[in-house]
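Here the structure comes first, spelled out in structure tokens, and everything after it is commentary.
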Amino acid sequence: MSKRIDVRDLRVVYAERGDSFTALDGVSFSVEPGEFVSVIGASGCGKSTLLAVLEGLLPPESGSVSVDGEQVSGPGPERSVVFQQYSLFPWMTALGNVEFALGQARPDLKRKERRELAGEYLKKVALEGFENRFPKELSGGQQQRVAIARALAEDGEVLLMDEPFGAIDARNRALLQDLLLELWEGEAGASRKTVVFVTHDLEEAILLSDRIIMMEPGRVRAVFDVPLPRPRHRLSLLQDPAYVAFRGELAKIFFENEYQEVHSA
């Protein structure tokens, strides 16, 4: 199978006022078409920097990033993004925000077609009846649902998600995880999005992913295949011995440095 995303020997250096900081060094991995890959790691390890390079917003010092064989040199219509902060246009309604995305992705659509299709995407994320609400009239979870609907409406092959549920309370975070899982698993074959999902939450990564890339500062520490069948359901997964064992394996590595610091203090 051909690689949808290919990252080779990626190095990113931040320079300011004569000082420099290496954010990523020697990072390599690939993502297959239709695969859901999570990138996990502690704050400051380079997860968001990596996503910014994949978005085309940050040029690397060296190395390469390609999507479907084409070098990434800037943002592109094949890549949609969902940020941690909702980044909605505050002067547009929920429907207007999704319509705008459709207008950018499919300028051939007539206004009536855009409006009808935007309504369908909002229905997919359980926001039927909220079409005419402005962002300030929506909860944080609802705003993120609009952001997801907008990203889906852009219809890129790749969906990049930078801790999209990190600013949301625990209950709504779980609901949005389940919604994303349902939408992604519900897509068949070639229509399924390729997802790169940045998180610092082990449970979230296991629930959603086919593979997990664990980072340490600036580097890939390990890559894990998630040994759990799909479709996945949160409650049954939590009681699955395979889930418990895999989470324990990840946690041991993920928190290894913290454990060593505590025991050596």
With only helices counted (DSSP H, runs n ≥ 4, each -39500 (n - 2.57)), the per-residue ellipticity at 222 nm for the chain, to the nearest 500, works out to -12000 deg cm²/dmol
Sparse-neighbourhood loop sites, GluC sites (Glu not before Pro) in region 99-133 - DSSP loop, at most 14 other Cβ within 10 angstrom:
128
A correct Karplus calculation of ³J(HN,Hα) over region 153-166, with 6.51 cos²θ - 1.76 cosθ + 1.60, θ = phi - 60°, whole Hz and x for Gly and Pro, returns 5, 5, 6, x, 6, 10, 10, 9, 10, 9, 6, x, 10, x
Give me the number: length gained by fully extending residue 15 to residue 28, i.e. 0.36 nm times residue separation minus the C-alpha to C-alpha distance, one decimal in nm.
2.4 nm
Roll a 1.4 angstrom probe over the protein heavy atoms and tell me the percent of accessible area of the chain that is carbon or sulfur.
50 percent
Cut-off under 23 Å on the C-alpha distance; same-chain residues fewer than 8 positions from residue 112 excluded. Which lysines are left, in chain and number order?
123, 124
Answer in debye to the nearest 20: the dipole magnitude of the chain about its Cα centre, from +1 Lys/Arg and -1 Asp/Glu charges placed on Cβ, is 640 debye
With r defined as the distance between the Cβ atoms of residue 71 and residue 210 and R0 fixed at 35 Å, what FRET efficiency is calculated, to the nearest 0.05?
0.90
Counting only heavy atoms of protein chains, what accessible area per residue, in Å², does region 88-128 have with a probe of 1.4 Å?
61 Å²
Karplus ³J(HN,Hα) for region 34-45 (6.51 cos²θ - 1.76 cosθ + 1.60, θ = phi - 60°; Hz, whole; x = Gly/Pro) runs x, 8, 10, 10, 9, 10, 10, x, 5, 4, x, 8
Could you list the trypsin sites (Lys or Arg not before Pro) in region 86-123 that lie in coil according to DSSP, counting only those with at most 10 other Cβ atoms within 10 Å of their Cβ?
110
Under a cut-off of 17 Å between alpha-carbon atoms, report the lysines in cross-link reach of residue 3, not counting same-chain residues fewer than 8 places apart.
193
Want the number for residue 62 to residue 116: 0.36 nm per residue separation, take away the alpha-carbon distance, what's left?
15.0 nm
Long-range amide H partners of residue 221 with built H, under 5 Å:
214, 215, 216
Spatial separation of Cα centroids for region 199-238 and region 154-193, in angstrom
14 Å
Starting at the first residue of region 201-214, write each ³J(HN,Hα) from the Karplus equation 6.51 cos²θ - 1.76 cosθ + 1.60 with θ = phi - 60°, in whole Hz, x for Gly and Pro.
9, 4, 4, 4, 4, 5, 4, 8, 9, 8, 9, 10, 9, 9
I need the GluC sites (Glu not before Pro) found in region 170-240, filtered to DSSP loop residues with at most 16 other beta carbons within 10 Å of theirs.
187
Suppose each label sits 7 Å from its Cα in the direction of the beta carbon; what would the residue 92-residue 133 distance come out to in nanometres?
1.8 nm
Which distance in Å, rounded to a whole number, links the C-alpha centroids of region 73-144 and region 30-44?
25 Å
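The values are calculated or read from the model by the stated rules, or taken from the named source; none is laboratory data. The structure displayed is predicted, hence computed values, not measured ones. Positions of Cβ are generated from backbone atoms using ideal geometry, with glycine treated the same way; all protein chains shown enter the neighbour counts. Surface areas here come from the heavy atoms of the whole protein model, side chains and all, with no ligands, DNA or RNA. Shrake-Rupley method; radii C 1.70, N 1.55, O 1.52, S 1.80 Å.
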